[in-house]
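Presented below is the structure to which this report refers.
The values are calculated or read from the model by the stated rules, or taken from the named source; none is laboratory data. Fair warning: this is a prediction, and the values are worked out from it, not measured in the lab. Because the Cβ atoms are built from the backbone with ideal geometry, glycine has one as well, and the counts that use them run over all protein chains shown. Accessible surface areas use protein heavy atoms only, side chains included; no ligands, DNA or RNA. Shrake-Rupley method; radii C 1.70, N 1.55, O 1.52, S 1.80 Å.
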Amino acid sequence: MATIGLVIAGLAFLVSILLTYFNLSGAKRNERHVPRTRLNKNAKATKREAEQRLKEQAAPLFFNFDGTPGPILVTGSQHSSQGPFMYLWGLVTVVNLTQVPMKITPLRLLMAGEEWPVQSISFHLKSNTKDRSDRISLRGNDKEDYELHFRFSDNKCATAEGELWLASDNRAEQFSVPVRFP
């Protein structure tokens, strides 16, 4: 009987050691799991912040006023009464998708990959075409309709498809908009 008591005591001791081991190893697993959860939360927050930054740095969108797809159509033309210049223009809608206001400045015109000599590029509010601006401002989540004007020398008027390069103050990189001249 004493032997049976010793065997039972030994088994009880062995079971208590095994239970202690499993509890400790489970606690270590849980300790390792907590930082992963924190890392996942931090990674999600960082991803959200990066997505928000990208939204805030989104380039404005340019559309043809009538909604036709493709490049901005520059179909209007008029010879200048103040010298040997030709004015070409097209109607555009400019959309600011960000929450913050932005200023948009036209920089240059590229035709067939090379800079084209343009005397000036300006925006005229469609609602008041006498309001001419070399740089426009749009409120956050806003859109505005403009006449986009190009002034060329008579002998260097654009007549093909090209790219208008612009800058906006909400982003470091310049961006381009395809344009088509008559």
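On a full-extension model of 0.36 nm per residue, what is the gain between residue 40 and residue 145, subtracting their alpha-carbon distance, rounded to one decimal in nm?
Length gained, residue 40 through residue 145: 33.4 nm.
Can you give me the solvent accessible area of residue 19 with a 1.4 Å probe, rounded to the nearest 10 Å²?
Surface accessible to solvent at residue 19 totals approximately 100 Å².
Each label point is 7 Å from the Cα along the Cα-to-Cβ direction; what then is the distance between the points at residue 131 and residue 75, in nm?
Here the answer is 2.5 nm between the modelled labels.
Can you give the convex hull volume of the alpha carbon atoms of the stretch 65-128 per residue, in Å³?
153
How much accessible area per residue does the stretch 37-158 have, counting only protein heavy atoms and a probe of 1.4 Å, in square angstrom?
Here the per-residue accessible area is 62 Å².
Within the stretch 124-147, name every residue whose backbone N is under 13 Å away from a label modeled 7 Å from Cα of residue 97 along the Cβ vector.
Under 13 Å, as judged by backbone N against the label point of residue 97, lie 141-142 of the stretch 124-147.
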